[in-house]
Amino acid sequence: MSVERLVGSVQTVPILPANARDALATGGAKGFGESLGRLVGAAEATNAQANGAIADMIEGKADVHDAMIALQRADLTLQLTVQVRNKLVQAYQEIMRMPV
């Protein structure tokens with residue numbers, strides 16, 4: 001594989017999978033709970049894709065690089081989900097501290 005082809009393919013790979021980006025982008029239109037559910041679903045889907053990529057790598061059907069990219073996507077999606085959860089907990093705690 002040439003360096004130009006490798007660099008070109010890396011530059012076009014989005015950091016987050018499309019389902020995670022869609023879950024965040026369309027949050028206000030359909031409701032917050034549904035948006036949060038789609039984000040959790042995206043985290044589960046990327047985890048399943050990473051597991052599949054690892055299984056393919058072990059069987060010799062896929063390259064190590066593909067498995068590592070899938071693992072990094074799953075990790076980034078999980079980190080995003082955890083940070084959204086942290087912000088939600090922080091907002092809830094802030095609301096609970098408000099005097100009534």
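Restricting the first member to segment 39-51 and to residues that are in contact (Cβ under 8 Å) with a residue 40 or more places away in the chain, and the second to residues that are of a type in the set (G, A, S) and crowded, with 21+ Cβ neighbours inside 10 Å, the beta-carbon pairs closer than 6 Å and six or more apart or on different chains are L39/A23.
Restricting segment 76-100 to residues that are of a type in the set (A, V, I, L, M, F, W, C) and not in a helix (DSSP H, G or I), the residue that is farthest from L39 (Cα to Cα) is V100.
Per-residue answers, yes or no, for (1) at pLDDT 55 or above; (2) of a type in the set (A, V, I, L, M, F, W, C):
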| site | (1), (2) |
| --- | --- |
| V10 | no, yes |
| A42 | yes, yes |
| A45 | yes, yes |
| Q49 | yes, no |
| A53 | yes, yes |
| I58 | yes, yes |
| A67 | yes, yes |
| Q72 | yes, no |
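The one condition from (1) within 17 Å of L88 (Cα to Cα); (2) surrounded by fewer than 15 Cβ atoms within 10 Å (Cβ to Cβ); (3) of a type outside the set (D, E, K, R); (4) at pLDDT below 80 that G31 does not meet is (4).
The values are calculated or read from the model by the stated rules, or taken from the named source; none is laboratory data. Given the structure is predicted, the values throughout are model-derived calculations rather than measurements. In this analysis, Cβ positions are derived from the backbone assuming ideal geometry, glycine residues included, and neighbour counts consider all displayed protein chains.
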